[in-house]
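Here the structure is laid out as structure tokens; the discussion comes afterwards.
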Amino acid sequence: MSVEVRNITKKFGKFAALDDVSLKINSGELIALLGPSGSGKTTLLRIIAGLEFPDNAGAQVLFYGEDVTGAPAHKRRAGFAFQHYALFRHLDVFENIAFGLRVRPFLTRPRESEIRERVEKLLKLVQLESLAKRFPSQISGGQRQRVALARALAVEPRVLLLDEPFGALDAKVRKDLRQWLRQLHKEIHVTTLFVTHDQEEALEVADRVAILRGGRIEQIGTPAEIYDHPATRFVHDFLGNVNSFAAPRIAGEQSVSSTAFVRPHDIRVARDPAGEATLKARVKRSNAVGPVANLELERLDTGEPFTVQLSKEQFRELRPQPGEEVFVELQNVKIFPDDYSI
Amino acid sequence: MQAPSTFHAPRRVRRCGPTTEPLFVRWLLIAAALVFLGLFLVVPLIAVFAGAFAKGVGHYFHTLADPMTVSAIKLTLLTAAIVVPLNCVFGVVAAWAIAKFDFPFKNILTTLIDLPFAVSPVIAGLIYVLVFGAQGWFGPWLIAHNIRIIFAVPGIVLATLFVTFPFVARELIPLMQAQGRTEEEAARVLGASGWQTFWRVTLPNIKWGLLYGVILCNARAMGEFGAVSVVSGHIQGVTDTMPLHIEVLYQGYDSAGAFAVASLLAFLALVTIALKAWVEGKGAALHPPEEKISA
């Protein structure tokens, strides 16, 4: 059982927002759609919600086997939390959450007492019981986001869609809400797709991460898979700090030029040469503020600059001085051909 | 002030902030504005009421009770009663379409809505004479079927409808554009039909702007002279509205009578302004500017 999209293509003018995208979200799963702005994340979310429609005839949107490709938004029973919340400004928090229940057709509309009961339960779930009578303009950004989430959950959605749920919040609130969302998902287990451009957020919260680039899914997998085994240079580059070196051509084997990528924490620094893949480098600058120390180095043979992350202990042991020459060992090197530029 | 002992700035200048003019300049500007307002707005308003009662209270009420005056008042109220609801609906529909949907030639439609503001009301009246008049396009057909539009009430309603068309739409378009589409989208995803979305989300969000537009539309509908004058034919007791009746009285050397009727329109204007101020206050209180959230 799953929510699934197949072969979705969507163009805005000449710009292809989505190019033959297929994605399957298993029941109860939390998937993050990660990608830079303009990669088509939000468009995919809106197509699943029924706010946009795919261009191509072969496209399909399936909710647990039911084909909803042509169904209008109000017939789909999806939950959507908008980036800027889109709370109804003329309704208080309680009525915002109750909205989806009140607009049901007469025959399926719950009784007033039931609506009351369900809204109160949701208010409790999002920890906003005390704010039921406030208007959206009277509560904070983080609270608005939780109201938006409760409102989306009130209709018991078949899939919950979150568009940059924490995008407009400050860093501290973001972190709190992130953990809260993870916890909430554990409790209610609703099939969820959430869009973000923040790789840290995606890797921390999601069961699986789908990386979108230029309207195509570049890679999909668990956070560990994606981080440790990036399928493409783009994914590797997008998921965090990375050093790049022009890769040495191995005995004429490679016909195209390629680039080697190494994460800053995958580089060992030592005063003595050790191992095979050692290089000589000169220390340019060091910065030991915070939990890790950052070292800026320069390769002696090619002059390429790179950064290294050391733990505080390693840094204290080594005490590198600017201008000093050291040996570095690169681990977990990933080599990708230069077929495109980033 | 680092060195007050060596630099003696004139006291008055030093008190002024960087964006404040000296006291006498401020007073001069305020006085000029007040004199202007007094001369061109307050004095004429007083003159209207003074003129109305120039021949005594008896003449005032005699004029108002005159069957011709009563007929003019009735026709004006009837016109407003037809025109305002129609333009209210047209305005909301046009604003809704323009603000919430994308379609070809949207800019042309937006510009067309302003047309009645751009052309002289006399021309607005003439348009209808040319279309529906005896010599006009549909004239012979209308005469053959015994339908009277020009020099009759339908013509007055049409002309007024044209002139007052932009008020509601103009008021709502920027408001609806500023509010965006996301609340409607949220309502749709939550299961609301298009109709429910309009009544439960769109309308509550625009109600104060709508009321404001309706008030202005009503004021103009009752006060319109030029367009109505062309199509009315000035048949006393039949096609005279209040503004036209004022002209008739005035040209019949009954200036006290003319002012008496004019005082009714002036009173309406005052009520409109008061209502407008109240609505503006209400709208501002209910829609405080959304807090900016740093991204």
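Please report the antiparallel percentage of DSSP beta bridges with both residues in chain A, rounded to the nearest 5. Counting DSSP beta bridges with both partners in chain A, the antiparallel share is about 75 percent. A compact globular protein would have a Cα radius of gyration near 2.2 N^0.38 Å; the ratio found for the range B:151-295 is 1.43. FRET efficiency for the residue B:78 to residue B:102 pair, using the beta carbon distance and R₀ = 35 Å, is estimated at 0.35. Toward the positive end of the charge dipole of the range A:117-269, with +1 on the Cβ of Lys and Arg and -1 on the Cβ of Asp and Glu, the farthest Cα among A:122, A:258, A:217 is that of A:122. Across chain A, the mean sequence separation of Cα contacts (distance under 8 Å, 6 or more residues apart), normalised by length, yields a relative contact order of 17 percent. Could you work out the percent of alpha carbon pairs in chain B separated by over 23 Å, rounded to a whole number? Cα-Cα pairs of chain B separated by over 23 Å account for 69 percent. Of all the options A:320, A:36, A:157, the one that moves most in a Gaussian network model of chain A with Cα springs shorter than 10 angstrom is A:320. Between residue B:198 and residue A:187, the distance separating the two model label sites (each 7 Å from Cα on the Cα→Cβ line) works out to 4.0 nm. Taking each of A:11/A:133; A:41/B:100; A:10/B:207; A:14/A:334; A:10/A:75 in turn, the alpha-carbon distance tops 31 angstrom for A:11/A:133; A:10/B:207; A:14/A:334.
Once the 1.4 Å probe is applied to the protein heavy atoms, the range B:139-203 comes out at 43 Å² accessible per residue.
In a GNM of chain B with a 10 Å cut-off on Cα contacts, which of B:179, B:236, B:196 has the highest mean-square fluctuation? Ranking B:179, B:236, B:196 by mean-square fluctuation puts B:196 first. Only DSSP H runs of four or more residues enter the estimate; each adds -39500 (n - 2.57), and after division by the residues of chain B the mean residue ellipticity at 222 nm equals -22500 deg cm²/dmol. Here the simple spin-label model places points 7 Å from the Cα toward Cβ, and for residue B:46 and residue A:75 these points are separated by 6.9 nm.
GNM remark for chain B: springs join alpha carbons under 10 Å apart, and the peak mean-square fluctuation among B:201, B:129, B:92 falls on B:201. Here chain A yields Rg over Rh of 1.08, to two decimals, using C-alpha coordinates and the Kirkwood radius. Dimensions of the protein assembly as shown from C-alpha coordinates, computed as largest minus smallest value along each principal axis and given longest first, are 115, 86, 56 Å. Close amide H pairs (under 5 Å, H built 1.01 Å from N) link residue A:18 with A:10, residues at least 5 positions away or on another chain. When DSSP beta bridges are restricted to pairs lying wholly in the protein assembly as shown, around 75% turn out antiparallel. Projecting label points 7 angstrom from Cα along Cα→Cβ for residue A:107 and residue A:24 puts them 3.5 nm apart. Going 7 Å from the Cα of residue B:130 in the Cα-to-Cβ direction, what parts of the range B:207-247 have a backbone nitrogen less than 13 Å from that spot? Of the residues in the range B:207-247, none has backbone N under 13 Å from the label point off residue B:130.
Think of each Lys and Arg Cβ as +1 and each Asp and Glu Cβ as -1; about the Cα centre, that makes the dipole of the range B:100-231 roughly 140 debye. In the range A:270-311, the alpha-carbon atoms span a convex hull of 76 Å³ per residue. In this calculation the C-beta distance from residue A:222 to residue B:112 is compared with R0 = 60 Å, giving a FRET efficiency of 0.60. For the range A:181-249 versus the range B:206-237, the inter-centroid distance based on Cα atoms is 62 Å.
Amide H to amide H distances under 5 Å link residue A:81 with A:161, A:162, A:163, where only residues 5 or more positions off or on other chains count and H is placed in the peptide plane.
Not counting the cut sites, what is the longest span of chain A without chymotrypsin sites (Phe, Trp or Tyr not before Pro) that DSSP labels loop and that have at most 14 other Cβ atoms within 10 Å? For chymotrypsin sites (Phe, Trp or Tyr not before Pro) (loop position, at most 14 other Cβ atoms within 10 Å), the longest site-free span of chain A is A:107-339.
Highest mean packing first, where packing is the average number of other Cβ atoms within 10 Å per residue, the peptides B:181-192, B:45-56 line up as B:181-192, B:45-56. For the chain pair A and B, the buried solvent-accessible surface (1.4 Å probe, both sides summed) amounts to about 2300 Å².
The values are calculated or read from the model by the stated rules, or taken from the named source; none is laboratory data. The shown structure was predicted, so the numbers you read here are calculated from the model rather than taken from an experiment. Cβ sites come from the backbone with ideal geometry, for glycine too, and all protein chains shown count toward neighbours. The area values use the complete protein model at the heavy-atom level, side chains included, leaving out ligands, DNA and RNA. Shrake-Rupley method; radii C 1.70, N 1.55, O 1.52, S 1.80 Å.
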